[in-house]
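Okay, structure first, notes after.
The values are calculated or read from the model by the stated rules, or taken from the named source; none is laboratory data. Since the model is a prediction, treat every value here as computed from it, not as a measurement. So basically every Cβ, Gly included, is an ideal-geometry build from the backbone, and we count neighbours across all protein chains shown.
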2 protein chains.
Amino acid sequence: MSVLGKLRFKDQAFKLREDAILDATTKLLAAKGFDLITMDDVAEEVGLSKPSLYKHFKSKEDLVTEAMIRLLDGALAYLDELPAEMAPVERLKSLLEWALRVRLAGGLPFLPSTNTHVRAVLTQSLRYVTRALKLNRQLDAIVTDAKRKAELSSALPNDVILFSYYARTCDPAVEYLRLFGKYDDDAIVLHMQVVCFAGIGAGSPQPRQPG
Amino acid sequence: MSVLGKLRFKDQAFKLREDAILDATTKLLAAKGFDLITMDDVAEEVGLSKPSLYKHFKSKEDLVTEAMIRLLDGALAYLDELPAEMAPVERLKSLLEWALRVRLAGGLPFLPSTNTHVRAVLTQSLRYVTRALKLNRQLDAIVTDAKRKAELSSALPNDVILFSYYARTCDPAVEYLRLFGKYDDDAIVLHMQVVCFAGIGAGSPQPRQPG
DNA sequence: AAATAAAGCTACTAATTGGTAACATTCAAG
DNA sequence: CTTGAATGTTACCAATTAGTAGCTTTATTT
């Protein structure tokens, strides 16, 4: 094992620890939300002392921002890996399903929904904003394509569709159905897809078979 | 002016102060959220010292619970005053419009959407839970009626419809469209109604003319 | 083995927050 | 006018939290 190998091992250990911290942060953000999560919580969840976290992240805000950046990267990667021949509306449905399943597994939506404080923090990060704009551009293009193919409502402006779509990825109805309903994850995802694309009004629901 | 009149005047002053406190609380809850709102904030907004708030409410939780109860009472009252001959789906649309306009005016949705901490606090109050269940029963009956009249999707279970409906009353897309779009309140309400009842997919939108 | 560097922790600091004690002011009763 | 009650405030308390100083432990280098 060469010196280079040893250095890599140490770097790997550092990275592993960093990922463990980010995992714990994501889990706690989903459970408690940004305003109630504490660095003590994260430290305890990882199994380190609080000051040790500051070897990896310079502040709580830095930590949360990096966790959210990782989520956005996940969504961008997911979009990238969808088959090129997939119809635009199917892309949107697939990403929505992915996001909902992440949430049902205890994860976070890839965009913060309502917390103005989080938003203020995140928009201070160029790395975060760059990714969010990239994702938005890609989804906007997909929406435009889907409209052209009569897959999405042409009566709704793109930004209305996009913001509503984002809101469906973090729809609180998911938690309520989980807590108070009798549905498994597949059923919840299916219903949420219907609600997103066909609404709750009378019409022809367009269910997508769960993957 | 009789002694009784004086007592009533004092009671009125007390009630006026209490309403001012609740107004301030509602405004701050909408702006900062439950976890970031402080009693100092409320006191400053009202123009009293913090300890004075405790003459009216025994804790921060009591204050917030009463503010939310007042909102629920508002929603129940609004439902009550709708014309008896109004179609069920129109009732739902009317209440959604009311809720959205309240929010666009700086107010709060009548049900908390995602904050588990708020929910835990509110469910400790019998007065709150009683009202929430009452509203839910009324809306469930309306949904059942609307389904019978083929106004709502019969493919979606009632609770899916209801939780989605509640989520639309606090849809974060409203804030985003307000912040980043070029829409006035009427347009936002109209779009949100379409998104709620017809979804974002291709179909026949069922716009309701803004009142 | 000794010295140095890196990693990790205990103990601490400053600031904030919900709520209270004690004091001050205003109002009402005698 | 004096006294007591009611209302309101300043100052304070205890607990919590982000972040840091200084100490300890572990790993690496000489």
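Just a few scattered comments:
- Restricting B:Leu28, B:Leu76, B:Leu36 to those that are free of Cβ contacts under 8 Å to residues at least 40 places away in the same chain and either more than 16 Å from DNA strand D (Cβ to nearest atom) or exposed (fewer than 14 other Cβ atoms within 10 Å of the Cβ) (or both) reduces the list to B:Leu28.
- For the residues A:Ala20, A:Ala13, the requirement of being small (Gly, Ala, Ser), at pLDDT below 95 and surrounded by 14 or more Cβ atoms within 10 Å (Cβ to Cβ) singles out A:Ala20.
- For the range A:39-65, a tally of residues being more than 6 Å from DNA strand D (Cβ to nearest atom) and either more than 17 Å from A:Leu122 (Cα to Cα) or not charged (D, E, K, R) (or both) returns 17.
- Exactly one residue out of A:Val160, A:Val174 is assigned to a helix (DSSP H, G or I) and under 16 Å from A:Leu92 (Cα atoms): that is A:Val160.
- Test: B:Ile161 is within 11 Å of chain A (Cβ to nearest Cβ) and more than 19 Å from B:Lys27 (Cα to Cα): yes
- The set of residues in the range B:73-110 being more than 24 Å from B:Asp184 (Cα to Cα), among the hydrophobic types (A, V, I, L, M, F, W, C) and modelled with pLDDT of 95 or more consists of B:Leu76, B:Ala77, B:Leu79, B:Leu82, B:Met86, B:Ala87, B:Val89.
- Any hit, the range B:107-118, residues being farther than 22 Å from B:Glu61 by Cα, without any contact (Cβ under 8 Å) to a residue 40 or more places away in the chain and outside the structural domain of B:Lys32 (by TED's automatic domain parsing): no
- Residues that are assigned to a loop (DSSP other than H, G, I, E, B) and not hydrophobic (A, V, I, L, M, F, W, C), drawn from the range A:129-152: A:Lys149, A:Glu151
- Residue check, A:Thr144 closer than 25 Å to B:Gly203 by Cβ and among the polar types (S, T, N, Q): yes
- Test for B:Ala155: is it assigned to a loop (DSSP other than H, G, I, E, B), in the same structural domain as B:Gly203 (by TED's automatic domain parsing) and on the phi > 0 side of the Ramachandran plot: no
- Residue check: A:Ala31 meets all listed conditions (1) assigned to a helix (DSSP H, G or I); (2) closer than 23 Å to A:Asn136 by Cα; (3) among the small types (Gly, Ala, Ser) but one, namely (2).
- The set of residues in the range B:40-76 being within 14 Å of DNA strand C (Cβ to nearest atom) and either closer than 30 Å to B:Arg91 by Cα or not in a helix (DSSP H, G or I) (or both) consists of B:Leu48, B:Ser49, B:Tyr54, B:Lys55, B:His56, B:Phe57, B:Lys58, B:Ser59, B:Val64, B:Thr65, B:Glu66, B:Ala67.
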